Amino acid sequence: MRENPGLVQTILKTLLMAALLSTAAWTHAACDPRSVSPADQIRTGNGAVLLVTHASSAFDPRMSTKTGLDAAIRLARQHAIPTIYLKDDAPGLRYFMDDCAPDHWAESEDGEIRFSLQAQHVLLAGGHLELCLSRTMHDILEQWAKQTPRNLRITLLMDAIYSNGKAIDPQDDYYDKLEGFLGVVTHGRPGGEAWPKLTLLETMGVIARHRQQRDYLRRVLPHYARTMPSGYRVEMRVNDEESHTLVRGAGSGAPTLSFHFIDSALQMADRLAP
């Protein structure tokens, strides 16, 4: 039987593709959320909770947040912090966390929170900063504003949050650097708007200057002035720097809403005390 070079080449390509797919599946095991908890069965407690919004390759196709996301989930497990994955109607196998068994999977088409949230410390990972994660933060504040006034801390884990940089204005002097970075990480990839994502931590690297970083982070905060009662003090902090007061509130004893941006859960083990 004569050898058919074309057939041999086709078989070799098929075997190589199968090997690559097998390796990819082993390296990035996908989650299949088969059981979604009804909203009235989800309990967060009054301490800390980790919310993971739409950690899916449908929205973060290069899985830029995977390392930070998995670190955040491991941290939550180590400290017995309830973990809730918010999922939309995208195919389940697009969710790329290593840990596929959170305390709850919760339905959340746009990042909304349909369950009651009582936790005083909310850690945020996953999520499109300008879209679904913004909705998650808005719903947190909206629920909190209706409760008895007390302190609330929201920690944003920057290497676990993805963004398309739309909050950066073309007039910002780092805008061209952003466009250049996105051009590099999306080079040759099809899909248009589906591909240009970077982590919030990478955005900080693009901006570079500390004061501009802080101004940008303030820009992407939810509309706390419109949502929270007038008596609240509002603060923002980046990593270990001192907190910056955004709203003074009603005196030194005012309940405080605190936004804390941290590079990664990898550096956070000693920061979980209330």
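The values are calculated or read from the model by the stated rules, or taken from the named source; none is laboratory data. None of these values were measured; they are calculated from a predicted model. Don't worry about glycine lacking a Cβ; one is built from the backbone with ideal geometry, like all the others, and counts go over all protein chains shown. Quick note on the areas: whole protein, heavy atoms, side chains included, nothing else; ligands and nucleic acids left out. Shrake-Rupley method; radii C 1.70, N 1.55, O 1.52, S 1.80 Å.
With 0.36 nm allotted per residue and the present C-alpha distance subtracted, the S35-A101 stretch has 22.8 nm of extension available. Dipole magnitude for the range 98-156: about 460 debye, using +1 per Lys or Arg Cβ and -1 per Asp or Glu Cβ, origin at the Cα centre.
Looking at the range 143-259 alone, DSSP beta bridges between its own residues are antiparallel in about 40 percent of cases. Roughly to the nearest percent, how much of the accessible area of the range 23-181 is carbon and sulfur, given a 1.4 Å probe? Of the solvent-accessible surface of the range 23-181, carbon and sulfur hold 49 percent.
At the listed q of 0.20 Å⁻¹, the Debye profile of the range 154-274, built from one uniform point per Cα, gives log10 I(q)/I(0) equal to -1.16.
Ordering of 213-226, 158-171 by packing is 158-171, 213-226, highest average first (other Cβ atoms within 10 Å, averaged per residue). Remark: relative contact order (the range 133-257) = 30 percent; criterion is Cα-Cα distance under 8 angstrom and separation of 6 or more residues.
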